[in-house]
1. With a sphere of radius 9 Å drawn around the Cβ of Glu202, what net charge do the other residues whose Cβ falls strictly inside it have (Lys, Arg +1; Asp, Glu -1)?
2. Return the carbon/sulfur percentage of the accessible area of region 281-323, one whole number, probe 1.4 Å, all protein chains in place.
3. How large is Rg over Rh for region 298-353, taking Rg from the Cα atoms and Rh as the Kirkwood inverse mean of 1/r across Cα pairs?
4. Mind listing which GluC sites (Glu not before Pro) in region 80-179 are in a DSSP loop and have 11 or fewer other Cβ atoms within 10 Å?
5. Can you compute the helix-only [θ] at 222 nm over the chain? Use -39500 (n - 2.57) per DSSP H run of at least 4 residues, normalise by all residues, nearest 500 deg cm²/dmol.
6. How much accessible area per residue does region 38-159 have, counting only protein heavy atoms and a probe of 1.4 Å, in square angstrom?
7. Using the Cα centre of region 272-410 as the reference point, and only Cβ charges (+1 on K/R, -1 on D/E), how large is the resulting charge dipole? Debye, rounded to the nearest 20.
8. Rg/Rh for region 77-193: what does it come to with C-alpha atoms and Rh from Kirkwood?
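The values are calculated or read from the model by the stated rules, or taken from the named source; none is laboratory data. Because the structure is a prediction, the values reported are computed rather than measured. Note: ideal-geometry Cβ built from the backbone for every residue, glycine included; neighbour counts use all protein chains shown. Quick note on the areas: whole protein, heavy atoms, side chains included, nothing else; ligands and nucleic acids left out. Shrake-Rupley method; radii C 1.70, N 1.55, O 1.52, S 1.80 Å.
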Amino acid sequence: MSDATTNASQSGQEEPLKNVLVTGGAGYIGSHVVYTLLKTRQYKVISIDNHHNSLPASLTRVSELALEEHKASLGPNAQLSQRDIDSTIIDAHDCDLTNHSAVREIFGKYYSSENGKGGIWGVVHIAAYKAVGESTSIPLTYYQNNVSATISLLSIMLEFNCARLVYSSSATVYGTPPEVPIPERTRREADSPYGRTKVMCEMVVEDLCESNGNAVADGTCHLVVSLVIRFHHLTTTTTGSTSTPFQAISLRYFNPAGAHPSGRIGEDPRGRPGNLLPLLAHMAVGRVKDPVLKVFGNDYPTVDGTCVRDYLHVLDLAGGHVLALQALQEGSTLNGKVFASVKAGKGKFKAYNLGKGKGMSVLQIVEAMRKATGFEYKTEVVGRRRGDVPALIADPSLARTELGFDAPHDLETMCRDLWNWQKGNPAGYV
Ligand SMILES: NC(=O)c1ccc[n+]([C@@H]2O[C@H](COP(=O)([O-])OP(=O)(O)OC[C@H]3O[C@@H](n4cnc5c(N)ncnc54)[C@H](O)[C@@H]3O)[C@@H](O)[C@H]2O)c1
């Protein structure tokens, strides 16, 4: 686990917990991010999830896990303080992000109109639909859920003077990259509606940072403008105008894999898994009954002809979110480092690749899962799949040098932890 996940109480910090909203908190990545945030003992975590692709039980388990680990770290006779308890209880809201008034109500719950204090300090925006194939069949649903909901969320953040955002982006923003390993400066040219929702959201967020928190003056995005005008009345009458400059960090995930080593939280997709590793886990546990795994193409210019992807442990990925939130603390060393390259008068927006910088082929993954599960997978090579690119590998050097990000867990550990979760929970959280 990265340094970011170490227990902050060890350093004797007792400043008030900061309220952090995690959207999509009950999902695969969200639950591990929430767990990692709880471990820092610096945040009060609030989650919004409509359970489109998750169950509330994930956050119940996260909370139990965090409390047990905290008690164990304090010793058998230690008394838990109110802060200890608050920092392990998650305020989980069953709410759809596309429902503007319901989300606004949640922000209002934490906001003190007297002094503007105690509101939501920052947002980690993870919720989205994420299936590339599905997005080509129902693009409007994807634009609505991923882009419109993000714009709605941003306008509410402005209204409540919440000006720090960590955004869940994806390597899909690069489409077919001209250069591998892929540096962040690569042009964004996604190949699918899903990927384009990520590009659009990054651009909207970037424009918002550029406008220094004054979205009305932005003018670059029709929808942002109309939303802000619609809520201008509320903005000025309820909370006063937004004063803190908006700053954001976009994290471009490569391929998160694995689970918490306890096996109590993990990936539990509704329906057939779209990604290779959970599919292999479901095959091994008998939940997917396909007799053979279809391998799409073995004539790519890669180590064994099959596609290569950059896998990183989901807890390493989660650690990147803690670092990003720390980097949004104005005046901190990390804040200075991350935004050092931003010219004066420009918006504070940065994007970082979160990957290991190492590629694994489909056949290497199958072999690693065979070792972890003992299941003898049968594979059948079929034709290439439309849209697949030979290799997607991150250049993680910027995240390493500026953010201090590291992804030390190896593939063997990812497969072990994934299997530990899957065999202990063959039907998922139910
Ligand atoms: N898993 C990956 O391989 C991967 C790779 C790159 C980027 N990402 C991005 O990471 C994020 C999380 O991915 P994940 O794998 O954890 O997916 P997930 O489906 O497990 O989690 C997403 C969560 O968001 C919730 N959600 C979706 N729409 C919502 C809405 N309108 N209102 C409230 N909640 C809503 C879902 O119920 C789910 O709990 C997504 O933004 C995805 O695009 C994932």
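1. Summing Lys/Arg as +1 and Asp/Glu as -1 gives +2.
2. Using a 1.4 Å probe with all protein chains present, region 281-323 comes out at 55 percent carbon and sulfur.
3. Using Cα coordinates only, the ratio equals 1.23.
4. Glu114, Glu179
5. Dividing the helical sum by the residues of the chain leaves -10500 deg cm²/dmol.
6. 44
7. The dipole of region 272-410 has a size of about 400 debye.
8. That ratio equals 1.08.
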